[in-house]
Amino acid sequence: MRLRSILLLALACGSALGARTTPRADAAFVQKEGLNLNSFVRKGPVAAHIVLRSGSDPRLIVAFPAGNSGIGLWFDPVQDAPQWTMPAPATPVTVADAKGRPLHGVSFTADITASRLTPKQAVLSSVRVLRDYQALGTAPAEVLTAVTVRGDALTWARDRLDGAVGYRLSVRIVRGRWDGRSIVAAADGRITLGITAVSGEPPLTPVPMAGLLTPQANADAGARRALEFLSYREKFLAGSWRFNTYFGRDTLMSVRLLMPVLQPAAVETGLSSVLERLSDKGQVAHEEDIGEFAILDHMKSDGTKSDAPTYNYNMIDGDFMLAPVARAWLLDDPRGRARAVAFLARRNGKERAGDALMRNLRHVLGRARPFADDPKATNLISLKPGMDAGQWRDSNEGLGGGRFPYDVNAIFVPAALDAAAAMDRAGLLGPYMTAEDREAFAKMSKIEAIWRSRAPQLFAMSIPTDRARIAITAYAARADVPATAAMAAIGNGGLRFNAIALDAQGTPVPIENSDEGFALLFGRPDDAALTTAAEVIGKPFPAGLMTGAGMLVANPAFASDALAAKFGPNAYHGTVIWSWQQALAAAGLERQLARPDVSPVVRAKLRATQQCLWRAIAATRQVQSSELWSWRYAGGRYEVAAFGASGRDVDESNAAQLWSTVYLALKRPAPDGRIACPAN
């Protein structure tokens, strides 16, 4: 990392988003994506993400990886959807509070053409609190603070709830005036603000680029900047601005996909961060609550103001991802294999990494036994009671009401069992096993075989040709998209796909989905399963998932009208494109094409799907480092649309997402002009 320059993320967004990227002489960048103007700064003890939101509901947020803290200022609605601009890059600053304690953050200037801005609410706290305020419009009363006005300066400042150094937001009116309630524009209709936002949370330890990537990594400047901003010696951050801390699933998937080009220490940072946060039962922590959000947790649970981290173990997929990802490093990668014994023996406090891994493997085996003993649908791994989500599609409707996710049960449980057995055979687990463990592991291969043979078939769906044509025609009309290419792709054999989940009674939820990518990366599917995966990924929407704006993560064309309505282009896990899911499919296809036992016919189908997927990836490269995006169909083609720019979108996309940087490890195959991709 070049500490003499300000690190600002340049994610080159295309004209479909109305994007503008302005280079500066000092190599800083200001980036507009949809309604959000994003600026990333990382220098010394300062790491900050500035988000200026334009439109009818203007807002400014500064999010800090330190303590997952943040400062937000929301304004009353305005007319004419004015746009923020930043005339110069932000400057990192360190200031002192009234007690002489240091706060780190940024100072910058922001312009907007609006007749007036009326502050509605300032929130200075954890990003988790800011996230909740953005979604729900409420925040805990104890974290709210009143504004202090002195001349042309508005200041919000407070200590953390436990009395530790807290947060400060200063807004100086450079152009315009304060009328006692609002910031009123100058005669030219413009408002210019000088803003300083700082946090007292302890800074993380940044990892420079040289410590992250090997020379084999792709030279994608935007992805490199995003990865660097999200990488620290303590952990990787899931995404900014909303997920500026550890997430177990995101860490595991990102480490696995980036592994070929990550430095060994970076791989082990990711694995160690997961192992250190396991529950006593061996469950992988989904998210951590740190800083002031941890204090809020403790105030509710035990009445104290402790800032000891608390962990969320509501998700189920991470529990079964850990073993396959650990196996990929400790056994399959020669660099990791040479370091495996030392890594597992490394201590975090009183516990060795191998002890933690073994605890997770006991948990995996214990959860797998009921289905192995009686392989019926209701003995599969279910979402936890009271939870609507439990795997990566973690929104209330992401699984369409399903309780038994396809990816967890058909892919990750067998992969975890296989990985555990492989690490045992290699002798890596011996020092951490008990006699009871050895007895249990002796039955591992039988349990794994039952899961591998019986679980996937419970999700298999087949739609006859006539029914598929009727469903696609009706759905395309409702979604206002063309059906011609999809109808031509059906063929005489109908359509086959795996349900996104099973409901509580074990009935498949008929949503086509992108989770086939997991099977391609972590499994060894037979020719029939490979054909299904290739066709689901490659067929044009709404027969499959492929559009001109990228590969969708869900296709509800064969579901009921009521269910399909919940999976539109405005839903977080609906008919939208998640960047990392495209990368997952690309990495998985490459892995399967390297197998020598795939038949020539299926190999050709995989290669054709690979070519068409990469054309879609290339067409959406301008938003590749974003979390997700949506689309609109206009002028006879699909166009990228920023997720969150529409008032109908349920949320907004992060501009920098950890698992969206994984293209740094992917190599596009040589284009094959002989392969024709369906026009869509």
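The values are calculated or read from the model by the stated rules, or taken from the named source; none is laboratory data. Predicted, not measured: the structure shown is a model, and the values here were computed from it. When we count neighbours, we look across all protein chains shown, and the Cβ atoms used for this are built from the backbone with ideal geometry, even at glycine. Ligands, DNA and RNA are excluded from the accessible area calculation, which covers all protein heavy atoms including side chains. Shrake-Rupley method; radii C 1.70, N 1.55, O 1.52, S 1.80 Å.
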Sketch the reach of a paramagnetic label on Ala98 as a point 7 Å from Cα along Cα-to-Cβ, and name the residues of the range 110-134 whose backbone nitrogen lies under 12 Å away. none
So, with points 7 Å from each Cα along the Cβ direction, the Lys667-Ala634 label distance in nm works out to 4.0 nm
Give a residue-ordered list of calculated ³J(HN,Hα) values for the range 180-189 (Karplus: 6.51 cos²θ - 1.76 cosθ + 1.60, θ = phi - 60°; whole Hz; x for Gly, Pro). x, 9, 9, 8, 9, 5, 6, 4, 7, x
Cα-Cα P(r), the range 251-320, percent of pairs per 10 Å interval: 20, 38, 30, 10, 1
So how long is each side of the chain along the principal axes, counting just the alpha-carbon atoms, biggest first, in Å? 74, 63, 47
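If we sort 263-269, 670-676, 406-412, 292-298 on the protection proxy, mean other Cβ atoms within 10 Å, highest first, what's the order?
Details: 263-269: 18.9, 670-676: 9.4, 406-412: 28.4, 292-298: 23.7.
The most tightly packed comes first, giving 406-412, 292-298, 263-269, 670-676.
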Normalised radius of gyration for the range 331-450, please: alpha carbon Rg relative to 2.2 N^0.38 Å, two decimal places. 1.20
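Rounding to the nearest 20 debye, state how big the charge dipole of the chain is about its Cα centre with +1 on each Lys and Arg Cβ and -1 on each Asp and Glu Cβ. It would help to have the intermediate numbers written out before the result.
Details: 77 positive and 65 negative charges, 272 e Å.
That gives the chain a dipole magnitude of about 1300 debye.
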With the Cα gyration tensor of the range 505-626 giving a ≥ b ≥ c as the square roots of its eigenvalues, does the rule (a/c under 1.5 for rounded; else a/b larger than b/c for prolate; else oblate) give rounded, prolate or oblate? oblate
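Classify the range 111-189: rounded, prolate or oblate, from the alpha-carbon gyration tensor (a ≥ b ≥ c, eigenvalue square roots; a/c under 1.5 rounded; otherwise prolate if a/b is larger than b/c)? Kindly include the intermediate steps, with their values, before the conclusion.
On the way: a/c = 2.78, a/b = 1.75, b/c = 1.59.
Verdict is prolate for the range 111-189.
Could you work out Rg/(2.2 N^0.38 Å) for the range 50-106, with Rg from alpha carbons only?
Normalised by 2.2 N^0.38 Å, the Cα Rg of the range 50-106 equals 1.39.
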Evaluated at q = 0.24 Å⁻¹: base-10 log I(q)/I(0), Debye formula over Cα of the range 584-626: -0.80
Those trypsin sites (Lys or Arg not before Pro) in the range 156-257 that DSSP places in a loop and that have at most 15 other beta carbons within 10 Å: Arg181, Arg233
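For the pairs Lys235/Lys350; Lys43/Lys300; Lys99/Lys350, note any where the Cα-Cα span goes beyond 26 Å. Each step should come with its number before you reach the end.
On the way: Lys235/Lys350 20 Å; Lys43/Lys300 36 Å; Lys99/Lys350 37 Å.
Distance filter (> 26 Å) returns Lys43/Lys300; Lys99/Lys350.
Is it possible to state the helix-based mean residue ellipticity at 222 nm for the chain, with each DSSP H run of 4+ residues giving -39500 (n - 2.57), the sum divided by total residues, to the nearest 500 deg cm²/dmol? What is it? Can you show the working numbers first?
Values: 18 runs with 209 residues, N = 680.
It lands at -9500 deg cm²/dmol.
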Averaged across orientations, what area in nm² does the convex hull of the alpha carbons in the range 215-287 project? 4.9 nm²
Work out Dmax and Rg for the range 279-391 from the C-alpha atoms and quote the Rg first, both in angstrom. 17.2, 50
Using only the Cα atoms of the range 147-211, each taken as one equal point scatterer with no solvent, compute I(q) by the Debye sum, divide by I(0), and report log10 of the ratio at q = 0.18, 0.20, 0.24, 0.25 Å⁻¹. -0.74, -0.81, -0.98, -1.02
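How would you classify the range 444-537 from its alpha-carbon gyration tensor, with a ≥ b ≥ c the square roots of the eigenvalues: rounded for a/c under 1.5, else prolate if a/b is greater than b/c, otherwise oblate? Working shown, then result.
Numbers: a/c = 2.44, a/b = 1.90, b/c = 1.29.
Prolate, because a/c is 1.5 or more and a/b exceeds b/c.
May I ask you to give the percent of accessible area on the range 476-604 that is carbon plus sulfur, with a probe radius of 1.4 Å?
Working: 2180 of 3880 Å².
Of the solvent-accessible surface of the range 476-604, carbon and sulfur hold 56 percent.
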Give the aspartates and glutamates reachable from Lys120 as a straight Cα distance under 12 Å; neighbours fewer than 8 places away on the same chain don't count. Asp57, Asp76
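Quote the FRET efficiency, to the nearest 0.05, computed for Ser462 versus Arg346 with a Förster distance R0 of 60 Å and r equal to the Cβ-Cβ distance. Intermediate values should be presented prior to the final figure.
Details: r = 49 Å, r/R0 = 0.82.
Computed FRET efficiency for Ser462 and Arg346 comes out at 0.75.
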Rule-of-thumb Rg ratio for the range 66-146 [Cα; 2.2 N^0.38 Å; N residues]: 1.27
So for the range 299-360, what percent of the C-alpha to C-alpha distances run longer than 17 Å? 58 percent
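If the chain between Ala338 and Asp159 were fully stretched, how many nm would it gain, using 0.36 nm times the residue separation less the Cα-Cα distance? Could the numbers behind the result be given before it?
On the way: separation 179, 0.36 × 179 = 64.44 nm, distance 4.79 nm.
Value of the extension gain: 59.6 nm.
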Rounded to the angstrom and largest first, Cα extents along the principal axes for the range 373-426 equal 41, 25, 16
